[in-house]
1. Within segment 74-88, work out how many residues are closer than 14 Å to Val27 by Cα and of a type in the set (S, T, N, Q).
2. Starting from segment 11-31, keep only residues that are part of a loop (DSSP other than H, G, I, E, B), then list their pairs with residues that are modelled with pLDDT under 85 and basic (Lys, Arg) whose Cβ atoms are within a distance under 6 Å, requiring at least 6 positions of separation or different chains.
3. Looking only at residues that are of a type in the set (Gly, Ala, Ser) and either touching a Cys at 6+ places or on another chain (Cβ under 8 Å) or outside any strand (DSSP E or B) (or both) in segment 44-67, which one is surrounded by the most Cβ atoms within 10 Å (Cβ to Cβ)?
4. When you scan segment 21-42, how many residues do you find that are modelled with pLDDT of 95 or more and either among the small types (Gly, Ala, Ser) or buried (at least 19 other Cβ atoms within 10 Å of the Cβ) (or both)?
5. Given the structure, is Ile84 touching a Lys or Arg at 6+ places or on another chain (Cβ under 9 Å) and on the phi < 0 side of the Ramachandran plot?
6. I'm trying to understand the selection: among the residues of segment 89-103, which are assigned to a strand (DSSP E or B) and either surrounded by fewer than 16 Cβ atoms within 10 Å (Cβ to Cβ) or touching a helix residue (DSSP H, G or I) at 6+ places or on another chain (Cβ under 6 Å) (or both)?
7. Of the conditions (1) within 15 Å of Ala20 (Cα to Cα); (2) at pLDDT below 95; (3) part of a strand (DSSP E or B), Ile84 satisfies every one except a single condition; which number is it?
8. Any residue in segment 80-91 that's within 21 Å of Ile68 (Cβ to Cβ): show its pairings with residues that are among the aliphatic types (A, V, I, L, M) at Cβ separation under 7 Å, as long as the two are six or more apart or on different chains.
Amino acid sequence: MNKYLFSLLVIVLSASTVSAASLEGTVRDPSTALQPEFVVTLTPPKKSNKPKEVTSTSSTGNYLLDNIDKGKYMFEVSYGTEVIYRKVIEVQGDDTKDVTLQRQ
């Protein structure tokens with residue numbers, strides 16, 4: 001019984017350390033001006049049990065998504081209801097994703 005409990009404890013601890021990750025960065029426009037109040041969203045694949053992660057950029061254009069699961073996500077930057085930037089990314093640890101918005 002003790003051997004089973006020890007094995008279970010090792011599995012639980014391993015899973016909790018493997019899945020912890022973060023993503024941070026800065027949103028800028030082409031003139032390098034910082035962009036406050038944009039929404040940054042990470043959406044996992046539909047087959048995944050991972051939650052959608054959402055945050056906003058600060059007054060200096062920075063964002064932080066902390067304590068998220070590692071894996072592939074659809075990374076989006078939006079303002080209001082308009083998605084301005086979209087890309088599939090893979091979060092592997094403590095990653096940085098800076099975005100420079102393109103003028104159209």
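1. 1
2. Cβ pairs passing all conditions: Pro30/Arg103.
3. So in segment 44-67, the residues of a type in the set (Gly, Ala, Ser) come out as 48, 56, 58-59, 61.
Now restrict to residues that are either touching a Cys at 6+ places or on another chain (Cβ under 8 Å) or outside any strand (DSSP E or B) (or both): 48, 58-59, 61.
Numbers: Ser48: 12, Ser58: 15, Ser59: 8, Gly61: 20.
Among those that are of a type in the set (Gly, Ala, Ser) and either touching a Cys at 6+ places or on another chain (Cβ under 8 Å) or outside any strand (DSSP E or B) (or both), it is Gly61.
4. Residues in segment 21-42 being modelled with pLDDT of 95 or more and either among the small types (Gly, Ala, Ser) or buried (at least 19 other Cβ atoms within 10 Å of the Cβ) (or both): 6 in total.
5. Numbers: touching a Lys or Arg at 6+ places or on another chain (Cβ under 9 Å): no; on the phi < 0 side of the Ramachandran plot: yes.
The answer is no for Ile84.
6. Of segment 89-103, the ones assigned to a strand (DSSP E or B) are 89-91, 94-96, 99-100.
Correct list: Ile89, Glu90, Asp94, Thr96, Thr100.
7. (1)
8. Tyr85/Val77; Tyr85/Val99; Tyr85/Leu101; Arg86/Met74; Val88/Met74; Val91/Ala21; Val91/Leu23; Val91/Ile68
The values are calculated or read from the model by the stated rules, or taken from the named source; none is laboratory data. Nothing here was measured: the structure is a model prediction, and the numbers come from that model. Using ideal geometry, Cβ is built from the backbone for each residue, glycine included, and neighbour counts are taken over all protein chains shown.
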